[in-house]
Amino acid sequence: MKQRRTTSVIASACLLLSLVASVALLRHTDQLRPQSTLDEVLYVSSPKALKRASLGYDGLLADIYWTRAVQYFGFRHHNQATSFNLLAPLLEITTQLDPHLVVAYEFGANFVAPAPPNGAGQPDRAIRLMEFGIQNNHDNWKLYYDLGFVYYMTLHDYKKASEAFDRGSRVPNAHPFLRLLAAQMAEHAGDFNTARMMWSATYQNNQDQLIRQNAMEHLRALRVDEDVMNLQQAVTRFGERTGRLPASAAELANAEGLPGIPLDPDRHPYKLTPEGRVEVRVPDDFPFATRGLPPGYKPQPKFHSQER
Amino acid sequence: MRARVAHIASNTFREAVRDRVLYNLIAFAVLLSGAAILVGQISIDIEKLVVINLGLTAVSLFGLVIAIFIGIGLVSKEIEKRTLYTVLSRPVRRWEFIVGKFFGLAGTLVVNTFFMAIGVFAALFYVSHKFVRADALILVALYFIVLEFLIICSLALLFSSFSSPLLSAVFAFSLFVIGSFAEDLRGFAGMAHGFTRWLATGAAYLVPNFSAFNVIGSVAHEQPVAAQLIWHNTLYALFYAAMVLSGAVLIFEHRNLK
């Protein structure tokens, strides 16, 4: 009896020790291989083969692939990766397995089309994905909006964008702003208000955290772009009036009759360089801004919390 | 006659529910439905979809395993334990024995599915906090799963009537896999010519067609299931199970049990 108890105690201790040791070793191995090969591997790349192999349980497999796509993008984006080669195939497999998974198309429109580091830089695949989505969910106006969004934001093809919005506006129960967007494209395609309208619509009509954060970052960047453009015009006006550059942002604000130095969306005052360039204080906080950045600055992909 | 079949069925049911493996499998399926809640939380925006997909897939797969593993032993175990001779020495016809076994196993699976379905609905309620009218469609998917079980039961019984438990399990599971590809087989037959076409068409219609029974994906998206499909599937499952059971009866009637 005593011997059996001793054996049990030793076996339990061995079990615990081995468990702790194996977990510790695995953690150490993970540190040695931070970019594990699993991350960039797609064992079965054919959606049709996967659909067959699912034995009819393709809905569940689609959910698994959707989760994998989001984790893949989220993980790599978090680690500031500059390529997302598996994103498009993962979303293609997901949607082939479950053609009604609308959220996957929306994700594709937002993250497959934009150029790295903010997306996979594959607008053609994004468009194919959206067209496939429309083919299978032709009464869902959001997909037409997303298609137009890719044409507008990434390809700057305003005619095609207008066509997509127009197609969407004819869908029963379509959101009224699609008709407005279709018209807007024809006249004011490149202006700030149109872009703001698009990103606001994306923010309001999506539940996905990543998509909403992405839209929020673009809205913040749009405000910076517009502010910097207006301030830069004010600098030019000041120069034309006085024959010199303003000595400080405060002098510029005073000359323009502004109540104070204009603030960026993070409540930091814009700064004026000795060369007369208007810049933001912390460029890293506005990864999508195209104006107000120091010369040669390379933006880092980064999302802020939505509460800001 | 009816009383004898009912008696064998109730005995089979009682014997099956005493099996500990059965409870393990049901517990595992219910656990998986519960786990769907956790999986749903990491599946952005599709929590409910995951709960339905994973829950119904668990019901279907575990039911399949239960149907095969209990079904394959129904006849062979009776022969092995020699209890079959006691049964057949009474005024019980061989076909009554087979049909009784089938109803007993089918009853077991219906009860199992009921309990597993409670697990799925509980998980769904936990995630959604309420039921909506579209959730009733899950009942249709569950009904189709039960119809699938009827076919699997009859197949397991057929193989059990002439083969060993291990081979019966292999045959039954293989037919399930082939049955999932039945529509591809029909597509292949459409492309073939001559004798191959006849052979492939024959095989495509002979194997059970399980693809029409799988509405989990569409139900998860709250898409209605056509009433005609419900009728067609019901009749198909009944006819197919009757066909396979007749085969099992034929084999068992002519089997030398000495």
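Cross-link partners for A:K142 among the lysines, with Cα-Cα distance under 25 Å and sequence neighbours closer than 8 places in the same chain left out: A:K159, A:K160, B:K48.
Determine which aspartates and glutamates satisfy two conditions relative to B:K81: a Cα distance under 20 Å, and not lying fewer than 8 residues away in the same chain. Reachable aspartates and glutamates: B:E15, B:D19, B:E96, B:E253.
Which is the longest stretch in chain A that no exposed loop site breaks, taking sites as chymotrypsin sites (Phe, Trp or Tyr not before Pro) with a DSSP loop state and at most 14 other Cβ atoms within 10 Å? Could the numbers behind the result be given before it?
On the way: sites that count: A:Y43, A:Y297.
Result, exposed sites excluded: A:44-296.
Charge tally around A:Y270: other residues with Cβ under 15 Å, Lys/Arg +1 each, Asp/Glu -1 each, net -3. Near B:A3: Cβ cut-off under 14 Å, other residues only, Lys/Arg at +1 and Asp/Glu at -1. The net charge is +3. Within a straight-line Cα-Cα reach of under 25 Å, B:K77 can be paired with the following lysines, leaving aside sequence neighbours fewer than 8 residues apart in one chain: B:K101, B:K258. Comparing A:L15, A:L25, A:L129 in a Gaussian network model of chain A where C-alpha atoms under 10 Å apart are linked, the largest mean-square fluctuation is found at A:L15. I'd like the distance separating the alpha-carbon centroids of the range B:165-191 and the range B:29-99, in whole Å. Here the answer is 19 Å between Cα centres. Considering only B:V59, B:V225, B:V50, the mean-square fluctuation computed in a Gaussian network model of chain B, springs between alpha carbons under 10 angstrom, is largest for B:V225.
Once you reduce the range B:117-138 and the range A:242-257 to the center of their Cα atoms, the two points are 65 Å from each other. Cβ crowding within 10 Å ranks B:L31, A:L55 as B:L31, A:L55, fewest other Cβ atoms first. A Förster distance of 45 Å, applied to the separation of the beta-carbon atoms of B:L206 and A:V9, puts the FRET efficiency at 0.15. For the pair the range A:91-169 / the range B:211-236, the C-alpha centres are spaced 30 Å from each other. Sorted fewest first by neighbouring Cβ atoms within 10 angstrom, B:S246, B:S161 come out as B:S246, B:S161.
We did not get these values from a lab; they are worked out from the coordinates using the rules stated. Every value quoted in this text rests on a predicted model; they were computed, and no experiment measured them. Using ideal geometry, Cβ is built from the backbone for each residue, glycine included, and neighbour counts are taken over all protein chains shown.
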